[in-house]
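See below for the structure under consideration.
The values are calculated or read from the model by the stated rules, or taken from the named source; none is laboratory data. Predicted model only: the values in this text are computed from it and were never measured. Neighbour counts run over all protein chains shown; Cβ positions are idealised from the backbone, glycine included.
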Amino acid sequence: MKIITSGLLILLLFASCAKRRAEKQAEKDEQIIQEYLQNMGLTSSKTDEGLHYIVSQQGTGDFPNAISNVTVAYKGYYTDGSVFDESTTSGVTFNLQNVIDGWTIGIPKYREGGNGILLIPSALAYGPSGSGSVPGNTVLIFDVHLIAIP
């Protein structure tokens, strides 16, 4: 019984530390996003999840939902402006269930034909692990154009 109790206490301690790290990273990401917005002279809306978005042009079509297939032209870059990914102008078609959470939450803010900017905190992007050339705990910015909801 002592072993089980000790094991549970250790698990709770690790979970508590992980939660604190995530909260600190979220605060850091928010500061990075706020500084970027200020430096660029931009104003954004913010979701409950911490995603910032700017609707430059709303578009005239329907809004997608979190499980829609969409065609999006995009450019992804870091807050220093360096580009890490970019689609062609004809865009890429994918399902919003198969992308980072920032896109699943953010793309439905635009009507078909709309465009704008997503400012994605690391927890809604690739988290502490990163992916490919994207380092862990990195805020990502995407210029997006919702071309179609096929």
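Worth a mention:
- Taken over the range 92-120, the criterion of being surrounded by fewer than 17 Cβ atoms within 10 Å (Cβ to Cβ) and either at pLDDT below 95 or among the small types (Gly, Ala, Ser) (or both) is satisfied by Gly113 alone.
- Qualifying positions in the range 36-70 - of a type in the set (Gly, Ala, Ser) and assigned to a loop (DSSP other than H, G, I, E, B): Gly41, Ser44, Gly50, Gly59, Gly61, Ala66, Ser68
- When the residues of the range 45-100 are filtered to those that are of a type in the set (Asp, Glu) and in contact with a strand residue (DSSP E or B) (Cβ under 8 Å, 6 or more places away or on another chain), the one that is farthest from Ala123 (Cα to Cα) is Glu86.
- Annotation: of all residues in the range 63-91 being charged (D, E, K, R) and more than 15 Å from the chain's Cα centre (by Cα), the one that is surrounded by the fewest Cβ atoms within 10 Å (Cβ to Cβ) is Asp80.
- Residues being within 21 Å of Pro108 (Cα to Cα) and either among the aromatic types (Phe, Trp, Tyr) or touching a Pro at 6+ places or on another chain (Cβ under 9 Å) (or both) - total across the range 27-85: 16
- Single condition Thr60 does not satisfy, out of (1) farther than 26 Å from Gln34 by Cα; (2) under 16 Å from the mean Cα position of the chain (by Cα): (2)
- Residue in the range 84-99 that is within 19 Å of Lys28 (Cβ to Cβ) and among the acidic types (Asp, Glu) present: no
- Residue list for the range 128-138, restricted to those being part of a loop (DSSP other than H, G, I, E, B) and surrounded by fewer than 17 Cβ atoms within 10 Å (Cβ to Cβ): Pro128, Ser129, Gly130, Gly132, Ser133, Pro135, Gly136
- Residues (closer than 15 Å to Leu42 by Cβ and small (Gly, Ala, Ser)) located in the range 108-147: Gly116
- Residues that are aliphatic (A, V, I, L, M) and within 16 Å of the chain's Cα centre (by Cα) within the range 25-57 comprise Ala26, Ile32, Ile33, Leu37, Leu51, Ile54, Val55, listed in sequence order.
- Residue within the range 80-91 that is assigned to a strand (DSSP E or B), among the small types (Gly, Ala, Ser) and at pLDDT 95 or above present: no
- The range 37-75, residues that are under 12 Å from Val144 (Cα atoms) and among the β-branched types (Val, Ile, Thr): Ile54, Val55, Val70, Thr71, Val72
- Taken as a whole, the structure places Lys28 among residues that are under 20 Å from Asp80 (Cβ atoms), basic (Lys, Arg) and modelled with pLDDT of 90 or more.
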